[in-house]
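Data first, discussion second: the structure below is written as structure tokens.
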Amino acid sequence: MTSGMLANAKRLVAPSTRSEVPPFMVMDVMAAAARIEAQGGRVVHMEVGQPAAAAPATAIEAARAALGGRLDYTEALGIASLRARIARHYSEVYGTDVDPGRVIVTTGSSGGFILAFLALFEPGDRVAIATPGYPPYRHILTALGCEPVLIETSEATRWEITSEKLLDAHRRRRLQGLLVASPANPTGTMIKPEALAALLRTTEGEGIRFISDEIYHGLDYAFAAETALRLSDSAVVINSFSKYFCMTGWRIGWMVAPEPLVRPIERLQQNLAISVPTLSQIAAQAAFDGRAEMEAVKHGYEENRRTLLAGLPRAGLDRFLPVDGAFYLYADVSRFSKDSFDFAKRMLEEAGVAATPGVDFDPLHGREFLRFCYAGSAADMREAVERIGHWLRGARK
Ligand SMILES: Cc1ncc(COP(=O)(O)O)c(C=O)c1O
């Protein structure tokens, strides 16, 4: 190959700037934990945000039965009976009626974000999100040519965006969208229903489009989570079978969109994915019959939460945000280190407990925080508290 051909080849395979999204640092913690385990070491895993339990038995049985037949493409918006079952879920859980025609089945909530952002925003549109927050929000927006606008939150506002903060940012430069999550990742904090209603009123008044990530609904301990669907007809609601129903790897979720957006989203889905995996759709519909099993899993998280709320302060980690919902505890470790990445590395190597440094979630103050996921077993939680206490007491001597 001549040098000219080489230079040309290099240019042709150079990745686009929009693909230059940052990696997820939790993956580095997972890799370090795997190395310790490969050498026979013990690690209590609290770094990955996924349930330790399996999908409901009803879902697994339905999937098994479906494997005997053909698995064809489905309608782009999803199997009609699943869309109707999801709509029924809103009347059962929230007492609100949802037209099944507004329900769209997606490839996890991750697939829902891509469809929602494409359907709602033009390239260059500015979308407000909270920091700390779930990193893919900003990375998906950037990859799609939109601009994530980080709104700093604080303890005083329960780590959620308020109408004042939103209007502040909007007046500085117009926003086209707002995305909120309650319960949130990584903080586990929740928006009070009145605050959610106030935010919705503000966005509607200012012409800002509202997206509500409700993926952790069902996992609320401090008070009941409110759906944006009960408060507004214009909000886009995104949800998933990944967390409450323990179906992360099945890659299935849903969205409820205002009626005028349904057809555009259908066209996008037809072209981007054709349809969501049929096996997962069949399993998801049956998952609703496994709620009793999932409630037992939720009670396990509640016990874990109690173990950490009582145990971590005794172990030395006594500063964390309100632990309202999801299965996360976001702890301020600045008393011990100004670099939570280094703190997480040492806690893993010396105490055998893996947690995620806050830098993934918060470019501003993440170096002072660690996220603990308490979706594991009760025994793991007790062991983690023991190990951290022992380690921090040793470190302070
Ligand atoms: C807040 C939040 N939203 C969305 C997702 C994406 O989940 P999935 O695509 O599995 O539905 C996650 C995953 O951890 C999350 O924490």
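The values are calculated or read from the model by the stated rules, or taken from the named source; none is laboratory data. All values reported here derive from a predicted model rather than from experimental measurement. A quick note on method: Cβ atoms are made from the backbone with ideal geometry, for glycine too, and the neighbour counts reach across all protein chains shown. These accessible areas exclude ligands, DNA and RNA; they are computed on the full protein's heavy atoms, side chains included. Shrake-Rupley method; radii C 1.70, N 1.55, O 1.52, S 1.80 Å.
Determine if the range 221-237 includes at least one residue that is in a helix (DSSP H, G or I), open to solvent by less than 10 Å² (accessible area, probe 1.4 Å), under 19 Å from Pro100 (Cβ atoms) and not hydroxyl-bearing (Ser, Thr, Tyr).
Going residue by residue through the range 221-237, those that are in a helix (DSSP H, G or I) are 228-230.
Next cut, open to solvent by less than 10 Å² (accessible area, probe 1.4 Å) only: 228.
In the following step, the residues that additionally are under 19 Å from Pro100 (Cβ atoms) were identified as 228.
The next check asks that each one be not hydroxyl-bearing (Ser, Thr, Tyr); those that pass are 228.
Yes: the range 221-237 contains one or more residues that are in a helix (DSSP H, G or I), open to solvent by less than 10 Å² (accessible area, probe 1.4 Å), under 19 Å from Pro100 (Cβ atoms) and not hydroxyl-bearing (Ser, Thr, Tyr).
Based on this model, can you work out whether Leu71 counts as open to solvent by 20 Å² or more (accessible area, probe 1.4 Å), outside any helix (DSSP H, G or I) and either more than 16 Å from the ligand (Cβ to nearest atom) or over 18 Å from His217 (Cα atoms) (or both)? So that I can check it myself, show each step before the final result.
Working: open to solvent by 20 Å² or more (accessible area, probe 1.4 Å): yes; outside any helix (DSSP H, G or I): yes; either more than 16 Å from the ligand (Cβ to nearest atom) or over 18 Å from His217 (Cα atoms) (or both): yes.
So Leu71 fits the description; yes.
Checking each residue in the range 329-350 for being touching a Ser or Thr at 6+ places or on another chain (Cβ under 9 Å), open to solvent by 10 Å² or more (accessible area, probe 1.4 Å) and part of a helix (DSSP H, G or I) picks out only Arg346.
State all residues of the range 76-98 that are over 30 Å from Pro193 (Cα atoms) and exposed (fewer than 15 other Cβ atoms within 10 Å of the Cβ); if no residue qualifies, say none. Of everything in the range 76-98, those that are over 30 Å from Pro193 (Cα atoms) and exposed (fewer than 15 other Cβ atoms within 10 Å of the Cβ) turn out to be Ala80, Ser81. Val353 passes every criterion in (1) surrounded by fewer than 17 Cβ atoms within 10 Å (Cβ to Cβ); (2) touching a residue at least 60 places away in the same chain (Cβ under 8 Å) apart from (1).
Inside the range 103-199, counting only strands (runs of 3 or more DSSP E) that do not spill past its ends, which hold 3 or more residues that are within 12 Å of the ligand (Cβ to nearest atom), open to solvent by less than 20 Å² (accessible area, probe 1.4 Å) and without any contact (Cβ under 8 Å) to a residue 60 or more places away in the chain?
Values: elements: 103-106, 126-131, 147-152, 177-181.
Where strands (runs of 3 or more DSSP E) fall fully within the range 103-199 and carry at least 3 residues being within 12 Å of the ligand (Cβ to nearest atom), open to solvent by less than 20 Å² (accessible area, probe 1.4 Å) and without any contact (Cβ under 8 Å) to a residue 60 or more places away in the chain, they are 177-181.
Scan the range 252-265 and tell me whether some residue there is in contact (Cβ under 8 Å) with a residue 40 or more places away in the chain, of a type in the set (D, E, K, R) and within 16 Å of the ligand (Cβ to nearest atom). No: zero hits.
Each residue in the range 22-52 was checked for being under 20 Å from Gly249 (Cβ atoms) and in a loop (DSSP other than H, G, I, E, B), and 8 of them qualify. Could you check, for the range 306-317, whether at least one of its residues is at pLDDT 95 or above, part of a helix (DSSP H, G or I), under 29 Å from Gly112 (Cβ atoms) and open to solvent by 40 Å² or more (accessible area, probe 1.4 Å)? No.
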